[in-house]
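Right, one structure below, let's go through it.
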Amino acid sequence: MPDMLKKTLLAALMCCSFSAFALPFSSRHALVFEEETGKVLFEKDANAVVPIASLTKLMTAMVVLDAKQDMNETISIDESDVDTLKHSSSRVPVGVVLSRRTVLQLALMSSDNRAAAALARTYPGGRPAFVAAVREKLGTLGMHDTVIEEPTGLSPHNRSTANDLLKMATAASVYPEISQITTTGGELIDINGRPIEYRNTNRLVGKDGWDIQLSKTGFTSEAGRCLIMRMQAAGKHVIVVLLNAKESAARMVDAENVQRYVSGLPMLATRVVGPRPAAHRARSHGAKAVLAKHTVTKSRKKARTV
C-alpha cells in the first residue's frame with residue numbers, strides 16, 4: 001500500500017472531529033477530505049445515517065477481491081440475480097456467461113445490479129458468506145454506523161454516514177482493480193457474440209480538466225443522487241462524499257464546486273429549487289401570472305410526489 005494512502009486511511013479511521021467550513025452544497029450530506037493534510041475541508045450533516053444506494057458496490061468489490069477468486073472464471077447471470085425489489089432495468093441478460101472480471105467491471109463502471117448480485121451469489125459459501133464477509137470488513141474499517149445487507153444498494157436498509165463512507169472510499173482506493181475500473185469512461189463488452197458499449201455512470205470521468213482516481217455513483221428514490229470520488233486538483237488529493245442530492249445536475253455542481261475551491265477558482269452558484277418570493281413574482285409578472293405559476297408549481301410538485 002502506498003505510504004500516502006496508508007496515512008490517508010489512518011486519518012480517515014480517526015475522522016472526523018475537525019471543524020470544517022460549509023460549501024453551499026445541494027447534497028443533503030457531504031464530506032470533503034484532503035489527504036495530504038488529513039483535514040476535513042467541508043462537511044454537511046456528515047454523521048446522519050442514510051441510504052447509500054449503489055455506493056454499496058465499492059464494498060461488494062472489495063469483499064470479492066479479498067476472497068482472491070479466479071477472475072478469469074466464468075459466471076452465468078442467473079434468474080435469481082434479477083432485481084425483484086425495485087424492478088430496475090439491466091443491460092446484462094439472464095443466461096449470458098462472462099468472466100468474473102467482466103462482471104466486476106459491469107457492477108462498478110456501469111453500476112449493473114445483476115452483475116453485483118451475481119458476484120455475491122458466486123462468492124465462496126454463497127450470499128450468506130458474502131454478507132458475513134461484508135460485516136467483518138465493516139468492522140475492520142471502523143465503519144460502525146454502516147449496515148449493508150445485500151450487494152447492490154437497492155435495499156434502503158443499506159445505510160451509512162458520509163464519515164463512514166470516507167473510510168470505505170479510502171480503503172477502496174488501495175485496490176488497483178477498483179481504481180482502474182471506476183475511472184474507465186466506457187468499454188465494449190461481448191454479450192452473446194455482440195459487442196455492447198457500457199458507459200461509466202459518472203459523466204465527469206474522462207472529462208477534460210478532471211483527474212479522477214476513484215468513482216462511484218448511486219441512486220434510489222430513498223437515497224437520492226449520491227457520489228464518491230477520489231480526485232486530484234491543484235496538486236492536492238481529495239476524497240469527496242455527496243449524499244442525497246435531489247437531481248443529477250445538482251450533484252455535479254456540488255462536485256465541480258469542490259474542484260473549483262481546491263483549485264482556487266470561484267465557485268458556481270447552486271440552483272435554488274422552489275418558487276421565488278411572492279412579492280418579487282408579483283412585481284415581475286403581475287397578479288395573474290403569479291396565480292398561474294403557483295398553480296403549475298403545485299401541479300408539478302404533486303406529480304413528483306406520486
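The values are calculated or read from the model by the stated rules, or taken from the named source; none is laboratory data. Remember, it's a predicted structure, so these values are computed and weren't measured experimentally. No Cβ is skipped: glycine too gets one built from the backbone with ideal geometry, and neighbour counts run over all protein chains shown.
Values as computed for the structure displayed
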item	result
Single match in Ile228, Ile212 (criterion: touching a strand residue (DSSP E or B) at 6+ places or on another chain (Cβ under 6 Å), surrounded by 24 or more Cβ atoms within 10 Å (Cβ to Cβ), modelled with pLDDT of 95 or more and not in a helix (DSSP H, G or I))	Ile228
Matching residues, segment 113-130, being under 15 Å from Lys57 (Cβ atoms) and buried (at least 18 other Cβ atoms within 10 Å of the Cβ)	Asn113, Arg114, Ala115, Ala116, Ala117, Ala118, Leu119, Ala120, Tyr123, Phe130
Residue among Arg101, Arg159 that is modelled with pLDDT of 95 or more, of a type outside the set (A, V, I, L, M) and under 18 Å from the mean Cα position of the chain (by Cα)	Arg159
Checking Leu85 against (1) surrounded by fewer than 18 Cβ atoms within 10 Å (Cβ to Cβ); (2) within 20 Å of the chain's Cα centre (by Cα); (3) within 25 Å of Pro176 (Cβ to Cβ), the condition it does not meet	(3)
Matching residues in segment 47-80 - criterion: being closer than 26 Å to Ile191 by Cβ and of a type in the set (Asp, Glu)	Asp70, Glu73, Asp78, Glu79
Residue satisfying all of: in segment 133-149; touching a residue at least 60 places away in the same chain (Cβ under 8 Å) and in contact with a His (Cβ under 9 Å, 6 or more places away or on another chain); farthest from Ile239 (Cα to Cα) among these	Ile148
Selection status of Ser160, of a type in the set (Ser, Thr, Tyr) and buried (at least 21 other Cβ atoms within 10 Å of the Cβ)	yes
Given (1) more than 21 Å from the chain's Cα centre (by Cα); (2) without any contact (Cβ under 8 Å) to a residue 24 or more places away in the chain; (3) closer than 24 Å to Thr182 by Cα, number of the condition Gln69 does not satisfy	(2)
Answer from Leu138, Leu154, Leu166 - the residue that is in contact with a strand residue (DSSP E or B) (Cβ under 7 Å, 6 or more places away or on another chain), assigned by TED's automatic domain parsing to the domain that holds His87 and assigned to a helix (DSSP H, G or I)	Leu166
Scan of segment 109-125 for residues that are out of contact with any Asp or Glu (no Cβ under 6 Å at 6 or more places or on another chain) and either modelled with pLDDT under 95 or in a helix (DSSP H, G or I) (or both), ordered by number	Met109, Ala115, Ala116, Leu119, Ala120, Arg121
Subset of segment 169-189 (residues that are of a type in the set (S, T, N, Q), part of a helix (DSSP H, G or I) and surrounded by fewer than 23 Cβ atoms within 10 Å (Cβ to Cβ))	Ser179, Gln180
Out of Thr60, Thr102, sole residue that is polar (S, T, N, Q), surrounded by 24 or more Cβ atoms within 10 Å (Cβ to Cβ) and in a helix (DSSP H, G or I)	Thr60
